[in-house]
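Asker: Input: one structure, supplied below.
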Amino acid sequence: MDDITLLARALRTLDDKLSNCNRCGLCQSVCPVYGETLLEGDVARGKLALVNNLSHEMLADPEAVRDRLGRCLLCGACHDVCPAGVNTFELFLAAREIIYGYLGLSPVKKALFRTLLPNARLLNLLLTAGLPFRKLVMHEEHNAQDTTQVPLLKKIAGNRHLPSIPGKTLSATTGAINSPAGKSRLKVAFFPGCMGNMVYTDMARACLKVFDYHEVGVFFPQDFVCCGLPALTSGEIDGFRKSVMHNVDVFKTGTFDYIVTPCPSCTITIRDVWVQRASAMPFAYRDAINELSAKAIDINAFLIDVLGVRKPQGGNRGRKIIKATFHDPCHLRLSLGITSQPRELIRMNPQYRLVEMEEAGRCCGCGGTFTLNEPELSARIGERKVRNILTSQAEVVATGCPACMMQISDMLARRGSKVTVRHAIEIYAEALERR
């Protein structure tokens, strides 16, 4: 089947999915991008109109179409309020796949998504080999967020304050884990995600501590790779498939009840996106994807809804009370419907008092590659989030997403703020250490 036939089929599929949009414009009230720009092309209704005429627009000015489709955080807020239930997340992913497939990706992005991210050994080798040169390119900052800047990569990273990169990945530090279930009678496959394995390793280790405390068996091999979402959102379907198939092969080597992740984007990718694209995978992987996807669950929901953990008896034993607020990640709140569980975990640490910020559920402006492609717009959205954090007068802002942690840390560092950023699971794990 030739490329033109495949393109025509993909466009027809999009047409079928667009029929429910009645152009009511309710998405305007919740879109973080439209809230900053007030441009019709930046809201879901405007993008759906673009997608509706994609074949013509793509031939007339494909770069402009790519740029407009890229100005979306894929947060899901428009889908959440849409009275017709239009699945904008899936629609925009499909449209990006078409336009990026038409234009092609740069050699750098192809190498990243097709060669590096699907290859755990190569990625670990490059991180280890680059460690001696880290101080040459990174300027470490002594602030509450423990961030760095990369002057030599200013064209890519801009003026961002990035999280410090550990000397080793989590998997290189822990080695392969395959522990049996204890009193919980449950065993999980722990999928830390790229950020948990390579950047926020302390957060990922907190997850392992929690599993150990509750006597949950853990299957954690050393060769999990990216879930595939970054490749897919960039229109790189081959890199996405490579990552999925690699991870499925790894999962097949273990026996477990759940796949637990501390990253909601990884959770929805394994639970929903893998299934949505299973038909495009080799036949041998389809049944395995459906079986594995049904086991995917966020760690907050696993602890509260499955394990049924409850607040321990006792107070803070004279320790200083820390005021914390919580930012709801978009994929955690909107895609997974999880809001109360991480808050319950924070309250289980008697040293913390939870206070709610205004607009706790509004996007922080990260959106994965959005923050790289639209740095100024991402920062404007993030600044609104930081204002709400500071107004709450919290000393700690907790969240349930590593990407949100990175974005909020960057914005707080720009302000010179002393507010620290934590994952909810880290706060809960601290309470277990004190029992």
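Asker: For residues in the range 255-299 being basic (Lys, Arg) and closer than 26 Å to residue 184 by Cβ, which is surrounded by the most Cβ atoms within 10 Å (Cβ to Cβ)? Can you show your working first?
Answerer: Narrowing the range 255-299 to residues basic (Lys, Arg): 271, 277, 286, 295.
Retained after the next criterion (residues that are closer than 26 Å to residue 184 by Cβ): 271, 295.
Values: 271: 20, 295: 16.
The qualifying residue surrounded by the most Cβ atoms within 10 Å (Cβ to Cβ) is 271.
Asker: Please go through the range 303-326 and give me each residue that is closer than 24 Å to residue 420 by Cα, at pLDDT below 85 and among the polar types (S, T, N, Q), ordered by number.
Answerer: 316
Asker: When you check residue 45 against the structure, is it of a type outside the set (Phe, Trp, Tyr) and either surrounded by fewer than 18 Cβ atoms within 10 Å (Cβ to Cβ) or in contact (Cβ under 8 Å) with a residue 40 or more places away in the chain (or both), yes or no?
Answerer: On the way: of a type outside the set (Phe, Trp, Tyr): yes; either surrounded by fewer than 18 Cβ atoms within 10 Å (Cβ to Cβ) or in contact (Cβ under 8 Å) with a residue 40 or more places away in the chain (or both): no.
It is false that residue 45 is of a type outside the set (Phe, Trp, Tyr) and either surrounded by fewer than 18 Cβ atoms within 10 Å (Cβ to Cβ) or in contact (Cβ under 8 Å) with a residue 40 or more places away in the chain (or both).
Asker: Can residue 26 be described as closer than 24 Å to residue 367 by Cβ, of a type outside the set (Val, Ile, Thr), in the same structural domain as residue 81 (by TED's automatic domain parsing) and modelled with pLDDT of 90 or more?
Answerer: Values: closer than 24 Å to residue 367 by Cβ: yes; of a type outside the set (Val, Ile, Thr): yes; in the same structural domain as residue 81 (by TED's automatic domain parsing): yes; modelled with pLDDT of 90 or more: yes.
Taking the combined requirement at face value, the residue satisfies it.
Asker: Please tell me if residue 271 is among the charged types (D, E, K, R) and either more than 25 Å from residue 173 (Cα to Cα) or not in a helix (DSSP H, G or I) (or both). Even if it seems obvious, please write down each step before you answer.
Answerer: Values: among the charged types (D, E, K, R): yes; either more than 25 Å from residue 173 (Cα to Cα) or not in a helix (DSSP H, G or I) (or both): yes.
Spelling it out, residue 271 is indeed among the charged types (D, E, K, R) and either more than 25 Å from residue 173 (Cα to Cα) or not in a helix (DSSP H, G or I) (or both).
Asker: Related question: Taking only pairs six or more apart or across chains, which ones have beta-carbon atoms under 8 Å, a first residue in the range 168-183 that is more than 14 Å from residue 211 (Cα to Cα), and a second residue that is small (Gly, Ala, Ser) and surrounded by 14 or more Cβ atoms within 10 Å (Cβ to Cβ)?
Answerer: The qualifying pairs are 170/196; 170/204; 171/120.
Asker: Can you tell me how many residues within the range 275-290 are in contact with a Ser or Thr (Cβ under 9 Å, 6 or more places away or on another chain) and charged (D, E, K, R)? If you could, list the steps in order and put the result at the bottom.
Answerer: Taking the range 275-290 as the starting set, the residues that turn out to be in contact with a Ser or Thr (Cβ under 9 Å, 6 or more places away or on another chain) are 275, 278, 286.
Okay, now just the ones that are also charged (D, E, K, R), so 286.
So the answer is 1.
Asker: Follow-up question, since we're still on this one. Hey, can you tell me all the residues within the range 198-254 that are modelled with pLDDT under 95, acidic (Asp, Glu), within 22 Å of residue 272 (Cβ to Cβ) and over 18 Å from the mean Cα position of the chain (by Cα)?
Answerer: 238
Asker: If you don't mind, there's one more thing I want to ask. Quick check on my filter: what residues within the range 95-110 are crowded, with 21+ Cβ neighbours inside 10 Å and hydrophobic (A, V, I, L, M, F, W, C)?
Answerer: Hits for the range 95-110 are 95, 98, 99.
Asker: Here are some residues: 378, 340, 335, 417. Which one is polar (S, T, N, Q), touching a helix residue (DSSP H, G or I) at 6+ places or on another chain (Cβ under 7 Å) and farther than 30 Å from residue 67 by Cβ? Step through it out loud before you land on a result.
Answerer: Numbers: 378 fails: farther than 30 Å from residue 67 by Cβ; 340 fails: touching a helix residue (DSSP H, G or I) at 6+ places or on another chain (Cβ under 7 Å); 335 fails: farther than 30 Å from residue 67 by Cβ.
From the options 378, 340, 335, 417, the qualifying one is 417.
Asker: Here's something else I'd like to know. Working only within the range 414-435, note down all residues that are among the basic types (Lys, Arg), assigned to a loop (DSSP other than H, G, I, E, B) and either out of contact with any Phe, Trp or Tyr (no Cβ under 9 Å at 6 or more places or on another chain) or closer than 21 Å to residue 339 by Cα (or both).
Answerer: In the first step, residues of the range 414-435 are kept if they are among the basic types (Lys, Arg); the result is 414-415, 418, 422, 434-435.
Of the ones still in play, those that are also assigned to a loop (DSSP other than H, G, I, E, B) are 418, 434-435.
Residues satisfying the conditions are 418, 434.
Asker: In the range 48-69, is there at least one residue being surrounded by fewer than 21 Cβ atoms within 10 Å (Cβ to Cβ), at pLDDT 80 or above and β-branched (Val, Ile, Thr)?
Answerer: No, the range 48-69 contains no residue that is surrounded by fewer than 21 Cβ atoms within 10 Å (Cβ to Cβ), at pLDDT 80 or above and β-branched (Val, Ile, Thr).
Asker: Related question: Could you list, in sequence order, the residues of the range 191-212 that are closer than 28 Å to residue 113 by Cβ and of a type in the set (Phe, Trp, Tyr)?
Answerer: 191, 200
Listed here are the residues, each with its yes/no results for (1) touching a residue at least 60 places away in the same chain (Cβ under 8 Å); (2) touching a Leu at 6+ places or on another chain (Cβ under 8 Å); (3) on the phi > 0 side of the Ramachandran plot.
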site: 202; (1), (2), (3): yes, no, no
site: 218; (1), (2), (3): no, yes, no
site: 222; (1), (2), (3): yes, no, no
site: 227; (1), (2), (3): no, no, no
site: 246; (1), (2), (3): yes, no, no
site: 261; (1), (2), (3): yes, no, no
site: 276; (1), (2), (3): yes, no, no
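The values are calculated or read from the model by the stated rules, or taken from the named source; none is laboratory data. This one's a predicted model, so the numbers in the text were calculated from it and none came from an experiment. Heads up, the Cβs are rebuilt from the backbone with ideal geometry, glycines too, and the neighbour counts pull from every protein chain shown.
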